[in-house]
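Undergrad: The following block contains the structure, expressed as C-alpha cells.
Please treat every number below as a calculation from the coordinates, not as lab data. Values in this document were obtained by computation on a predicted structure and should not be read as measured data. Here the Cβ is made from the backbone with ideal geometry for all residues, glycine too, and neighbour counts use every protein chain on show.
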Amino acid sequence: MKAQEYYSLIRAYVEGRLSTDEFGMEFQKAFLAEPSSMDDELFLILNRLFWDWEAYYPDCTPKQETSFMISERTFRQTAVETKIALEMYLQERGLLAEERQHKFILQSETEKRIVPLMQLIDKYIRHKMPDFNIRINLLYSTPINLILQGFYFQPFYLDHPEAFTVWVFVQPLYVPADCIMLNYGARLDWLMHNERFRWLWGNEIQELEEPIFLEVLRCIQEVGIPFLKKLGTPADFVRNVRRTVLRRDDVHVQEAIAYSLVLTEKYAQALRALDRLNHLLQNEKEHRWKTVVAERVTQLRQRLVHNPQEAVELLHEWRNATLKSLGLSTA
C-alpha cells in the first residue's frame, strides 16, 4: 500500500467513516503484507500505530489501561498523531496533492450505516434537543463558541450490523485540528453504567426502536449534558479537565490547558503552562507531530510575551480554521 493510501485510510478512520475494528483489520492486513524494502521513515511512522493496534482491547476503559493494553480513546489518539506525521511525510515529497486527487477512501459498512442511524437520532432525540444540530455522525451544541460540545455516534463492524455506541466529548477549537478528537470525552455506557455495552437497532428488533433511542436520550440527559456543562468554557476546561483524563502530563492535555489559560486572561499561568509543555515535548520520543505542536507553542508564546491580545487573536484564528476544517457552522 502506498503512503498516500495509508494516509487516506487513517484519515477515513479519524473522520469517523471507519469503525475502530474495521480500520484496524484493514490496516493490519496492509502493514503485515509490506515488503522488507519499505521506506525506513514510513515504517517508523506506521509501526507505532501497528503496535498500538496490537495492544488495543475493545473492552478496555481508559482507567484499565496498562503497558500492554490500551483503550479505544488512546488508540484513536495514536491514529491522529500518525495522520499528522504522514501528512508531513507526504508534504515533504510533494505527494499530498496526489493523495487528494485519487482519494483512496473505503465505502465502508460503517459509513453506509451512519445515515440510517442518524435519521433515527433526528427522529427520536434531536427534536427534544433544540439547541443541537446534526452533521454526519455528530450531534453538537449550538451556537458554537470556543469549545465544541457534542455526541459522537459510532456504528460497529464486527458485531450485530446495527450495533452502535455514543461518545460525549468536548473539543477546544483553538487547538488546531482537522478531525473530531475524543481526547476529552467518554462513552455514555461508561458514565451511565460503569461498563461497556452497545445499543442495537434494526429491522429484526424494529418494535424496540423507540424504547432503544429513548434510552439513549435518557443517558444523554442524565450523564452526557452534565459532562458537557463541566467543560463548556476555557475557564471550566482548566478547572475540570484533569478529572476526565488518565494521563495528566499528556502533551495534548497540557497544550489545551495552556491555550485555555490565555483565553481566561491568566497570562502568567499561561506562560508557565507553555514552558511546561515545552519541557514535556523535549521528553517525548521523536515523532513528527511533535514538530507541529512545538511550532504552535513557539508562535503563541512569542505573541503572548509581546502583546497578550495578539495571542488571544491567534487562538481565535485557530478556532475559526478548525471550524472550517470540520465543516461546522457557528450558528
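Undergrad: With unit charges on the beta carbons (Lys and Arg positive, Asp and Glu negative) and the dipole taken about the Cα centre of the chain, which residue among ILE136, TRP51, GLY185 sits farthest to the positive side?
TA: GLY185
Undergrad: Taking 30 Å as R0, compute the FRET efficiency from the Cβ-Cβ separation of ARG242 and ASP21 and round it to 0.05.
TA: Efficiency, from the Cβ-Cβ distance: 0.50.
Undergrad: Mind giving me the FRET efficiency for GLN269 and LYS63? R0 is 25 Å, r the Cβ-Cβ distance, nearest 0.05 is fine.
TA: 0.35
Undergrad: Positive end of the charge dipole of the chain (Lys, Arg +1 and Asp, Glu -1 on Cβ, about the Cα centre): tell me which of LEU86, LEU323, MET1 has its Cα farthest that way.
TA: Final value for the positive-end residue is LEU323.
Undergrad: Could you list LYS266, LYS29 in order of exposure, starting from the residue whose Cβ has the fewest other Cβ atoms within 10 Å?
TA: LYS29, LYS266
Undergrad: Mind sorting out which of (i) 21.8; (ii) 20.8; (iii) 23.0 is the real Kirkwood radius over Cα pairs in Å computed from the coordinates?
TA: Step by step, Kirkwood radius over Cα pairs in Å for this structure corresponds to label (ii).
Undergrad: For segment 1-100, report the translational diffusion coefficient in µm²/s to the nearest whole number, using Stokes-Einstein at 25 °C, 0.890 mPa s, and a Kirkwood Rh over Cα pairs.
TA: Here the translational diffusion coefficient equals 177 µm²/s.
Undergrad: When the dipole is taken about the Cα centre of the chain, and only Lys, Arg (+1) and Asp, Glu (-1) are charged at their Cβ, what size is it in debye, to the nearest 20?
TA: That gives a dipole near 1120 debye.
Undergrad: List every DSSP H helix in the chain whose Cα atoms extend 15 Å or more along the helix's own long axis and whose mean Kyte-Doolittle hydropathy is at least -0.5.
TA: Span-like helices here: 3-14, 20-32, 40-55, 109-124, 209-219, 251-263, 267-283.
Undergrad: Return the Rg/Rh value of segment 235-326, two decimal places, where both radii are evaluated on C-alpha atoms and Rh is the Kirkwood radius.
TA: For segment 235-326, the value is 0.95.
Undergrad: Hey, quick one: spin label on PHE43, modelled 7 Å out along Cα-Cβ, who in segment 67-99 has an amide N within reach, i.e. under 15 Å?
TA: none
Undergrad: Do you know the relative contact order of the chain, to the nearest whole percent, from alpha carbon pairs under 8 angstrom that are 6+ apart?
TA: Relative contact order for the chain comes out at 16 percent.
Undergrad: Let me ask something additional. Say we join alpha carbon atoms closer than 10 Å with springs in a Gaussian network model of the chain; which of GLU210, GLU15, GLU92 then has the biggest fluctuation?
TA: GLU92
Undergrad: Let me ask you something else. Taking only pairs that are 8 or more places apart or on different chains, how many Lys pairs in the chain have Cα atoms under 21 angstrom apart?
TA: 15
Undergrad: Follow-up question, since we're still on this one. What value does segment 110-234 have for Rg/Rh, both radii from Cα atoms and Rh as Kirkwood defines it?
TA: When Rh is taken as the Kirkwood radius, the ratio is 0.95.
Undergrad: If each DSSP helix of 4+ residues adds -39,500 (n - 2.57) and the sum is divided by the residues in the chain, what number results at 222 nm, nearest 500 deg cm²/dmol?
TA: Per the formula, -17500 deg cm²/dmol.
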